[in-house]
Amino acid sequence: MKKFLTICILFLAVTQAKAQAVVDTFFYTGTTELFTVEACMGPITFEVIAGSGGDANAVEGGNGGRVQGILAFAPDDILYINVGRAGIDGSLDADGIFVGSGGVFSYSTCGEAGTGGGASDIRLNGEELDNRVVVAGGGGGAGGYDPEPILGGAGGGLIGEIGENWPTWPNAGGKGGTQDAGGAQGTACCGCPTYTTDGSLGLGGEGSGDCAGGGGGGGGYYGGGGACFSGGGGGSSYTDAGATDVTHDQGYQNGDGMIIITYELVGIAVSFELTVCDELESPSGLYTWDETGVYMDTLEAVSGCDSVMTFDLTVNYTTTYSEELSVCDSMVSPSGLFTWVESGVYTDVIENALGCDSVMIFDLTVNYSSASSESVSACDFWVSPSGLYTWTETGVYVDTVDTDMGCDSILTIDLTINTVNVGVSVVSTIELMADFGGATYQWIDCSDNSEIDGATDQNFVATANGDYAVIVTDGDCSDTSACLTINSVSLIEYGTLAGTSISPNPFDKYFTLMFDDKPTNAVIEIRDISSKLVYKAIATEKLEEISFEGEAGAYFITITNDGAQKTHKIIKN
């Protein structure tokens with residue numbers, strides 16, 4: 001792959017050869033014409049002439065202005081050429097003139113005024129007003145009242161001329177445009193309606209045919225419309241700050257505008273300093289240079305201007321690099337253009353430090369990642385094989401470790417986290433019960449975390465006040481409950497109720513309370529797990545059938561008789 005890198009292009013000398021003068025003239029067409037600047041053109045001398053204002057009743061509108069000077073342009077610049085038309089004579093409600101002014105309003109009883117003349121301008125690399133580099137201001141339209149002659153203001157100069165006033169109205173004429181604003185409308189002497197408007201930058205004001213109207217203000221660069229009793233103001237001219245030898249002629253001519261540009265075609269001698277990779281083909285295609293040195297070539301332009309080119313040439317060269325590599329799964333090439341997924345010999349090209357090709361050859365070994373899955377059960381939590389994660393919930397997890405080849409081994413873990421329910425319920429003031437059934441239990445004294453001999457049932461009845469907890473073991477998992485305080489061991493517990501039992505338990509709606517001896521008005525109380533009393537009755541029989549309508553769930557029934565008390569846990573289906 002051959003790649004050229006231009007580090008510096010330096011025009012060391014530009015000399016004229018075979019100079020040839022060319023004159024291009026542009027007339028009014030109503031459209032914008034384009035002119036492209038060629039490389040072998042010298043500075044352009046311009047003569048830009050604007051259109052004059054329209055006549056009225058044999059009275060002339062203001063003459064259009066002229067601007068002359070010289071401007072230099074760059075190759076491939078595009079000039080937008082706009083030639084203004086003369087204003088329309090004796091207009092009734094005329095439209096604006098091409099790149100010119102507004103029209104006029106007129107009444108047949110008052111006469112017919114002329115419109116403002118169109119400006120002529122040159123715009124650089126765009127058709128917007130801000131792209132202007134030269135403008136010749138158009139003339140103002142003539143007033144239309146017969147037989148009094150009312151001249152329009154002349155266009156051109158840095159400020160356009162004021163339109164002529166009606167003799168008894170000293171401010172009726174439209175004011176001339178300036179470099180950055182339109183001229184103001186003329187002011188009538190009385191309070192009659194008027195339709196005049198101020199000019200604005202790039203647009204002439206409208207005059208009025210009303211007997212009370214003043215002439216329209218001359219727009220910045222464009223002529224203003226005439227009025228029945230006064231003349232329109234002239235537009236101003238303008239040149240870009242880079243123009244030289246500039247002259248302004250105000251009120252230069254009557255009629256349509258014109259633009260004349262004059263330039264010379266010259267041969268060009270150009271010198272370059274160039275840095276390239278490997279070789280350079282000359283612009284003419286006649287030579288190929290592959291060593292550093294000074295070379296010459298000649299091209300003939302379409303316009304007939306020869307370009308004699310001298311090249312101070314530096315030639316840098318492509319480099320080659322090779323490497324053996326081992327990667328996992330795939331490798332993206334240094335250029336980013338390729339992704340290699342198999343072992344083999346591959347080539348890529350990037351830019352070296354000199355800006356030329358660096359050809360890279362890789363003897364590539366591709367090793368591959370592995371994947372496996374397993375099911376794991378753990379108590380409370382499990383640390384992943386990589387040691388990066390600790391998982392506390394049942395789920396499917398992914399971890400990554402290195403294989404023997406240094407690539408990823410992706411492990412999918414179907415993890416079951418087993419937890420032990422270590423909730424404890426208070427059965428009575430001296431009895432505790434582990435909530436989780438069917439497990440292995442060991443009750444402990446929280447004062448020293450010592451195991452209590454023989455306390456291995458789900459229920460635990462304290463024989464001394466203190467803080468107690470239970471170790472619950474379910475399969476391989478074990479956990480310890482919070483400590484609960486017992487401080488009522490001195491109370492009478494069980495007594496005559498030691499042999500009391502309940503059947504069935506769990507029950508659906510009814511269960512039977514069985515006493516060893518017939519009770520004496522035993523008090524039966526049932527509370528839910530939040531200790532809320534949900535049932536209360538008196539038992540007087542040795543076998544007492546209880547009907548309980550509560551919702552399904554766990555409850556605690558407390559029996560009190562002759563100073564003795566006993567609590568059972570019951571389950572309603």
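Hey, does the range 408-422 have a residue that's within 27 Å of GLU324 (Cα to Cα) and not hydrophobic (A, V, I, L, M, F, W, C)? The answer is yes; a qualifying residue exists.
Say whether the condition of being within 23 Å of MET433 (Cβ to Cβ), without any contact (Cβ under 8 Å) to a residue 24 or more places away in the chain and surrounded by 13 or more Cβ atoms within 10 Å (Cβ to Cβ) is met by at least one residue in the range 531-546. Yes. The condition of being within 60 Å of the chain's Cα centre (by Cα) and more than 27 Å from PHE548 (Cα to Cα) holds for only one of ASP445, ASP474, that being ASP474.
Applying the set (1) modelled with pLDDT under 80; (2) over 53 Å from the mean Cα position of the chain (by Cα); (3) under 18 Å from GLY137 (Cα atoms) to GLY219 leaves exactly one unmet item: (2).
Matching residues to (1) under 30 Å from ASP348 (Cα atoms); (2) acidic (Asp, Glu); (3) modelled with pLDDT of 90 or more:
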| position | (1), (2), (3) |
| --- | --- |
| ALA371 | no, no, no |
| GLU374 | no, yes, yes |
| ASP380 | no, yes, no |
| TYR397 | no, no, yes |
| THR403 | yes, no, no |
| LEU411 | no, no, yes |
| ILE417 | no, no, yes |
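Screening the candidates ASP517, ASP508 for the property of being among the charged types (D, E, K, R), farther than 16 Å from ASP435 by Cα and touching a residue at least 60 places away in the same chain (Cβ under 8 Å) yields one hit, ASP508. Screening the range 389-441 for residues that are under 14 Å from SER377 (Cα atoms) and aliphatic (A, V, I, L, M) and picking the one that is nearest to the chain's Cα centre (by Cα) gives VAL396.
When LYS566, LYS509, LYS572, LYS532 are screened for being charged (D, E, K, R), modelled with pLDDT of 90 or more and closer than 30 Å to GLN442 by Cα, only LYS572 passes.
Scanning the range 331-350 for residues that are at negative phi and either free of Cβ contacts under 8 Å to residues at least 12 places away in the same chain or surrounded by 14 or more Cβ atoms within 10 Å (Cβ to Cβ) (or both) turns up MET331, VAL332, SER333, PRO334, LEU337, PHE338, THR339, TRP340, TYR346, ASP348, VAL349, ILE350.
May I ask you to list the residues in the range 445-477 that are touching a residue at least 24 places away in the same chain (Cβ under 8 Å), of a type in the set (S, T, N, Q) and part of a loop (DSSP other than H, G, I, E, B)?
Those that are touching a residue at least 24 places away in the same chain (Cβ under 8 Å), of a type in the set (S, T, N, Q) and part of a loop (DSSP other than H, G, I, E, B): GLN458, THR463, ASN465.
Would you check if THR262 is surrounded by fewer than 18 Cβ atoms within 10 Å (Cβ to Cβ), in contact with a Ser or Thr (Cβ under 7 Å, 6 or more places away or on another chain) and either hydroxyl-bearing (Ser, Thr, Tyr) or part of a strand (DSSP E or B) (or both)? Yes; evaluated as a whole, the condition is true for this residue.
For GLY156, the test of being modelled with pLDDT of 85 or more, crowded, with 19+ Cβ neighbours inside 10 Å and under 20 Å from VAL59 (Cβ atoms) is passed.
The rows are residues; the columns are (1) surrounded by 12 or more Cβ atoms within 10 Å (Cβ to Cβ); (2) touching a helix residue (DSSP H, G or I) at 6+ places or on another chain (Cβ under 7 Å); (3) of a type in the set (Asp, Glu).
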position: TYR368; (1), (2), (3): yes, no, no
position: GLU374; (1), (2), (3): no, no, yes
position: ALA378; (1), (2), (3): yes, no, no
position: SER386; (1), (2), (3): yes, no, no
position: TYR397; (1), (2), (3): yes, no, no
position: ASP402; (1), (2), (3): yes, no, yes
position: MET405; (1), (2), (3): yes, no, no
position: THR412; (1), (2), (3): yes, no, no
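Of VAL308, VAL270, all but one fail to be among the β-branched types (Val, Ile, Thr), closer than 30 Å to TYR80 by Cβ and not assigned by TED's automatic domain parsing to the domain that holds GLY117; the exception is VAL270. Screening the candidates SER284, SER326 for the property of being within 30 Å of CYS407 (Cβ to Cβ) and not assigned by TED's automatic domain parsing to the domain that holds TYR397 yields one hit, SER326. Among the candidates ASP245, ASP312, the residue that is of a type in the set (Asp, Glu), on the phi > 0 side of the Ramachandran plot, assigned to a strand (DSSP E or B) and in contact with a strand residue (DSSP E or B) (Cβ under 8 Å, 6 or more places away or on another chain) is uniquely ASP245. How many residues does the range 539-565 hold that are outside any loop (DSSP other than H, G, I, E, B) and closer than 12 Å to ILE526 by Cα? Here the count works out to 9.
Return a yes/no flag: does the range 506-518 have any residue that is assigned to a strand (DSSP E or B) and surrounded by fewer than 12 Cβ atoms within 10 Å (Cβ to Cβ). Yes: one or more hits. Filtering the range 457-478 to residues that are closer than 16 Å to THR429 by Cα and hydrophobic (A, V, I, L, M, F, W, C) leaves PHE460, VAL461, ALA462, ALA464, ALA469. Give the residue that is surrounded by the most Cβ atoms within 10 Å (Cβ to Cβ), with candidates limited to residues of the range 130-153 that are over 17 Å from GLY257 (Cβ atoms) and under 53 Å from the mean Cα position of the chain (by Cα). Out of the qualifying residues, it is ASN131.
The values are calculated or read from the model by the stated rules, or taken from the named source; none is laboratory data. As the structure is a computational prediction, the values presented were derived from the model and not from experiment. Quick reminder, even Gly has a Cβ in these numbers, built from the backbone with ideal geometry, and neighbours come from all protein chains shown.
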